[in-house]
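The block underneath contains the structure these notes are about, expressed in structure tokens.
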Amino acid sequence: MTSPQEELLPGTRRALLHRIAVAQREGRAPSLVAAVVREGRAVWSGARTSVEGEVPDGDVQYRIGSITKTFTAVLVLRLRDEGLLDLADPLEKHLPGTGVGEVTVVDLLAHRAGLAAETPGPWWERTPGSLRPGLADVLGERPLVHPVGRRFHYSNPGYALLGALVEKLRGAPWADVLRREVLDPLGLHRTTVEPVAPHAGGWAVHPWADVMQPEPLENLGVMAPAGQLWSTTGDLARFAAFLAAGDERVLSAESVREMRTPAAPAEAADVADGYAYGLGLELRHQQGRAFVGHTGSLPGFLACLTISLADDVGAVVLANCTSGPAPFTVAADLVRIVAEAEPRVPAPWRPLHKADSAVLDLVGQWYWGTYAFGLRLSADGLLALEPLSGKGRRSRFRPDGDSGWVGLEGYYAGEALQPVRRPDGTVSHLDLGSFVFTRQPYEEGAPLPGGVDAEGWRGLP
């Protein structure tokens with residue numbers, strides 16, 4: 001049987017090892033571990049350490065910081081899918097008395113609730129959670145620093161509220177619900193609230209000298225849903241596969257896809273950096289690739305899980321230092337190395353098993369005014385509308401009702417595409433959100449707003 005380490009070519013494996021070796025040395029990390037996932041399976045893992053003879057493997061725990069938020073978001077989406085809440089519900093409906101009850105569940109998931117980024121002092125990541133026993137202690141006297149729903153502003157207390165929401169609706173501690181509903185079904189048995197040996201220690205490396213000191217390891221209390229978890233590259237590789245495809249035991253592919261969809265207004269600086277936020281997931285663009293996942297940090301630890309869905313390759317990077325290697329940059333490079341050295345082999349083209357003649361009537365060339373578009377039916381049963389110039393609005397459409405279709409992305413997401421037929425059954429035109437698409441530009445007799453000039457097309461007088 002081929003081992004995971006043998007599934008990549010020797011040159012690819014060497015390039016991956018070289019990348020993490022450079023990251024560990026230049027980032028001055030006491031240790032750094034990484035894994036690569038392809039087509040839903042771990043296909044490579046590697047590690048570098050400053051301690052000779054003690055190289056950590058995929059079973060050694062590191063603290064993963066804010067990757068915890070993605071786990072908490074999964075729990076909230078499960079509540080939604082079971083009908084126990086709506087994402088548009090105000091928090092007050094389910095968790096009264098917080099003082100910020102007007103914010104909605106989706107506002108909290110997408111960091112657009114206007115809440116402060118951190119708790120009132122002291123620094124919550126380096127102090128015991130017992131100093132903040134209740135939600136009032138993590139919200140403080142001025143919990144809102146921006147208008148609700150107006151802008152993306154990352155908030156750790158927001159995810160403490162979501163954890164409390166999970167506890168209220170499940171009637172059990174957040175950690176117990178997480179174990180029962182996510183960790184056990186996915187087989188993430190090395191992901192825990194408290195460290196379980198073997199685990200790395202957290203270190204602070206002096207910025208101007210090659211010396212270190214240990215960081216305190218605190219239980220975060222009510223802030224745990226924002227950053228408490230410990231995990232391994234092995235477990236996070238499995239979690240990455242789940243975030244790419246879903247798992248009906250935990251969350252459907254459709255709901256996971258919803259998590260990966262931008263849900264917060266982006267700031268100008270975020271747009272420039274190629275950064276957006278979905279529901280518990282960071283969305284990034286780097287060197288022409290789209291990535292989805294999350295980064296994490298707590299004193300003594302850095303972490304990243306990221307996936308390129310187009311390449312079907314993901315990467316996990318964990319290090320035990322407060323600052324040093326940039327985990328997303330390293331993880332994105334690991335994805336790039338595999339995707340470029342061993343590009344994904346596409347599945348064979350296969351035709352539809354059955355073609356509906358009424359749908360075939362729709363395919364081909366259409367015009368919106370003088371803009372030319374092509375409408376194509378694919379083997380997955382979707383219609384794809386694309387500008388023939390290569391530039392402009394495009395979208396795929398799924399069937400919706402007897403003869404209509406609904407847009408799935410871009411400008412036409414959620415918009416209705418309705419074929420309009422003549423009395424003899426032939427297609428007259430397409431109505432797409434009130435836009436009329438015809439077989440010829442400004443086709444005579446078509447129901448175009450403003451009509452068609454009686455003299456038709458002509459040259460200069």
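Answer yes if at least one residue in region 304-321 is part of a helix (DSSP H, G or I) and more than 26 Å from Leu8 (Cα to Cα), and no otherwise. Taking every residue of region 304-321 in turn, none turns out to be part of a helix (DSSP H, G or I) and more than 26 Å from Leu8 (Cα to Cα). Taking helices (runs of 4 or more DSSP H) as the structural unit, those lying wholly within region 43-138 and holding at least 1 residues that are within 18 Å of Arg238 (Cα to Cα), of a type outside the set (Val, Ile, Thr) and out of contact with any Cys (no Cβ under 9 Å at 6 or more places or on another chain) correspond to 67-81.
Quick check on Glu26: is it surrounded by fewer than 18 Cβ atoms within 10 Å (Cβ to Cβ), farther than 28 Å from Gly246 by Cβ and in the same structural domain as His189 (by TED's automatic domain parsing)? Considered against the rule, which asks whether it is surrounded by fewer than 18 Cβ atoms within 10 Å (Cβ to Cβ), farther than 28 Å from Gly246 by Cβ and in the same structural domain as His189 (by TED's automatic domain parsing), Glu26 comes out as yes. Filtered by the rule that a residue be touching a Phe, Trp or Tyr at 6+ places or on another chain (Cβ under 8 Å) and closer than 13 Å to Arg28 by Cβ, region 202-218 gives a lone residue, Met212.
Just one of the listed residues (Ala379, Ala384, Ala416, Ala372) is farther than 27 Å from Lys354 by Cα and of a type in the set (A, V, I, L, M), and it is Ala372.
Meeting the requirement of 3 or more residues that are within 27 Å of Asp312 (Cβ to Cβ) and out of contact with any helix residue (DSSP H, G or I) (no Cβ under 7 Å at 6 or more places or on another chain), the strands (runs of 3 or more DSSP E) wholly within region 338-421 are 383-387, 395-400. In the condition set (1) in contact with a strand residue (DSSP E or B) (Cβ under 7 Å, 6 or more places away or on another chain); (2) in a loop (DSSP other than H, G, I, E, B); (3) free of Cβ contacts under 8 Å to residues at least 60 places away in the same chain, Ala332 is compliant with all but (2).
On the stretch given as region 332-372, residues that are modelled with pLDDT under 95 and small (Gly, Ala, Ser) total 5. Mind listing just one residue for me: the one in region 59-106 that is among the aliphatic types (A, V, I, L, M) and more than 19 Å from the chain's Cα centre (by Cα) and, of those, nearest to Val196 (Cα to Cα)? Only one residue tops the list, namely Val60. When Leu91, Leu109 are checked against the criterion of being touching a helix residue (DSSP H, G or I) at 6+ places or on another chain (Cβ under 6 Å), crowded, with 17+ Cβ neighbours inside 10 Å and in the same structural domain as Val166 (by TED's automatic domain parsing), a single residue qualifies: Leu109.
Given the options Arg132, Arg126, name the one that is under 22 Å from Pro216 (Cβ atoms), modelled with pLDDT under 95 and either crowded, with 22+ Cβ neighbours inside 10 Å or of a type in the set (Val, Ile, Thr) (or both).
Arg132
Being in a helix (DSSP H, G or I), in contact (Cβ under 8 Å) with a residue 12 or more places away in the chain and not β-branched (Val, Ile, Thr) is the filter here, so list the residues in region 7-42 that pass it.
Those that are in a helix (DSSP H, G or I), in contact (Cβ under 8 Å) with a residue 12 or more places away in the chain and not β-branched (Val, Ile, Thr): Gly11, Arg13, Ala15, Leu16, Leu17, Arg19, Ala21, Ala23, Gln24, Arg25, Glu26.
Restricting attention to region 420-461, the residues being of a type in the set (S, T, N, Q), surrounded by 10 or more Cβ atoms within 10 Å (Cβ to Cβ) and free of Cβ contacts under 8 Å to residues at least 40 places away in the same chain number 1.
Close Cβ contacts (under 6 Å, 6 or more residues apart or on different chains) running from residues in region 163-185 that are over 11 Å from Val76 (Cβ atoms) to residues that are of a type in the set (Lys, Arg) comprise Pro185/Arg249.
The values are calculated or read from the model by the stated rules, or taken from the named source; none is laboratory data. Computed from a predicted model, the values in this text were never measured in an experiment. Cβ coordinates were reconstructed from backbone atoms using ideal geometry, including for glycine residues, and neighbour counts include every protein chain displayed.
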